[in-house]
1. Is it fair to say ALA191 is farther than 17 Å from LEU142 by Cα, under 20 Å from the mean Cα position of the chain (by Cα) and at pLDDT 95 or above?
2. Of the conditions (1) under 18 Å from the mean Cα position of the chain (by Cα); (2) modelled with pLDDT under 95; (3) open to solvent by 20 Å² or more (accessible area, probe 1.4 Å), PRO382 fails just one. Which one is it?
3. What do you reckon, is ARG100 open to solvent by less than 40 Å² (accessible area, probe 1.4 Å) and charged (D, E, K, R)?
4. Within the set of pairs 6+ apart or on separate chains, which have a first residue in the range 289-318 that is more than 17 Å from ASN248 (Cβ to Cβ) and open to solvent by less than 30 Å² (accessible area, probe 1.4 Å), a second that is aromatic (Phe, Trp, Tyr) and in a loop (DSSP other than H, G, I, E, B), and C-beta atoms under 8 Å apart?
5. Quick test of your reading of the structure: GLN161 fulfils all but one of (1) over 22 Å from THR271 (Cα atoms); (2) within 19 Å of the chain's Cα centre (by Cα); (3) part of a loop (DSSP other than H, G, I, E, B). Name the failing condition by number.
6. Return the residues of the range 158-186 that are open to solvent by 10 Å² or more (accessible area, probe 1.4 Å) and either of a type in the set (Val, Ile, Thr) or at positive phi (or both); say none if nothing qualifies.
7. Please report, ordered by residue number, the helices (runs of 4 or more DSSP H) entirely within the range 195-284 with at least 3 residues that are farther than 20 Å from ASP322 by Cβ.
8. Going by the structure shown, is VAL23 at pLDDT below 60, of a type in the set (Val, Ile, Thr) and either open to solvent by 90 Å² or more (accessible area, probe 1.4 Å) or part of a helix (DSSP H, G or I) (or both)?
Amino acid sequence: ACAMDWQVLTRELSLYLESQVRVGLFGSGVGLSLVLGFGVAYACYYLSSIAKKPQLVASNDRFCRFLEEYCPVVTETYYPTIWCWEGRVQTLLRPFITSRPQVQYRNELIKTADGGQISLDWFDNGDSLYYPDASTRPTVLLLPGLTGTSKESYILHMIHQSETLGYRCVVFNNRGIAGEDLLTPRTYCAANTEDLEAVIHHVHSLHPAAPFMAAGVSMGGMLLLNYLGKTGRDTPLMAAAIFSAGWNVFESVESLEKPLNWLLFNYYLTTCLQSSISRHRQMLEKLFDMDLVMKARTVREFDKQFTSVMFGYRTIDDYYEDASPCRKLKSVGIPVLCLNSVDDVFSPGHAIPVETAKQNANVALVLTSCGGHIGFLEGIWPRKCTYMDRVFKQFVQAMFEHGNKIFSM
């Protein structure tokens, strides 16, 4: 529906305008002509400057050919929603515009080595027609963003896409944010992969014969990349998909501290972080000056007073360096597809490690010119499937059903 050619787009725009604007505007047809002229000019600008094919960055020709054949969406023109293609607008509108598919979860709490607990939300897909045997049903581990949970619309859409393919999903909720109690004075961060390692081991031990891959969004993608950079090939995951990851945390926080971005995103995100820990204040006060933490007005201030201290970093710069996935990309040992928009204020285009990605045959970057942060809206009224959802669906299906062909093409 989004892949309209020039003639279709201009014709539909003209018909729509004719139905909305009276010929008698300004007493003649001049007004309609001006509106139609503006519409055609805007359509020309949109088709020439906004709607573009994504840039596919991969050093491995076999990986490229595999994606072109089994995940063709990464080579097709991306047509952002014509009335909200700008990155900030896409970022702000997606949570309000996109639908929220109904998903029934089965919750599981697992214990950690330090005495804490992690909440997992399972979508078992027990009615799967394609994979009726639960022991071999493909499993997708989903990692939400910084303060996200299994209730986020982008997670629900990924589960909906997986359901149609017959796959099972499990959502990894970071400690303390999905309604469970915090049993120890510890939460989570993008650099520490211990909880993720425990979850991957747990899920794999339950279904050792099932094909297993993971998908991470925003900070979830950063955490997944840091885990993959640490483990290399020594992981039960066969592949991973990464969406809107912040590649260089220094560049991300600098971008978010620009006046407009602070007003639109940074302050709100900081309050979300504070809200996520305020419920556990009694537990956290054992180690932190919570009054000082709650005075933070930027993500950087919050990380300086709370996150970096919790995980034992000497300075916030030490934490940000360790949390930046760009520094570990060379060590990734399984096929990974990473989708970013170059107009994402959370992950600026100039900070995307294109040259580093070219040095690892397991990595492919898909870079769109528009899409914002977890936006990627498309279609006239983008309530359902987004470009990101389509990339997710095609890539997980390609890997689960044809992944063995990557090395033989």
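The values are calculated or read from the model by the stated rules, or taken from the named source; none is laboratory data. Bear in mind the structure is a predicted one, so any value in this text is a computation, not a measurement. So basically every Cβ, Gly included, is an ideal-geometry build from the backbone, and we count neighbours across all protein chains shown. SASA here: full protein model, heavy atoms, side chains in, ligands and nucleic acids out. Shrake-Rupley method; radii C 1.70, N 1.55, O 1.52, S 1.80 Å.
1. Spelling it out, ALA191 is indeed farther than 17 Å from LEU142 by Cα, under 20 Å from the mean Cα position of the chain (by Cα) and at pLDDT 95 or above.
2. Of (1) under 18 Å from the mean Cα position of the chain (by Cα); (2) modelled with pLDDT under 95; (3) open to solvent by 20 Å² or more (accessible area, probe 1.4 Å), only one is false for PRO382: (3).
3. Answer is no for this residue.
4. Filtered contacts from the range 289-318: PHE306/PHE288.
5. (3)
6. Hits for the range 158-186 are THR164, ILE177, GLY179, THR184.
7. Ranges flagged: 267-278, 281-284.
8. yes
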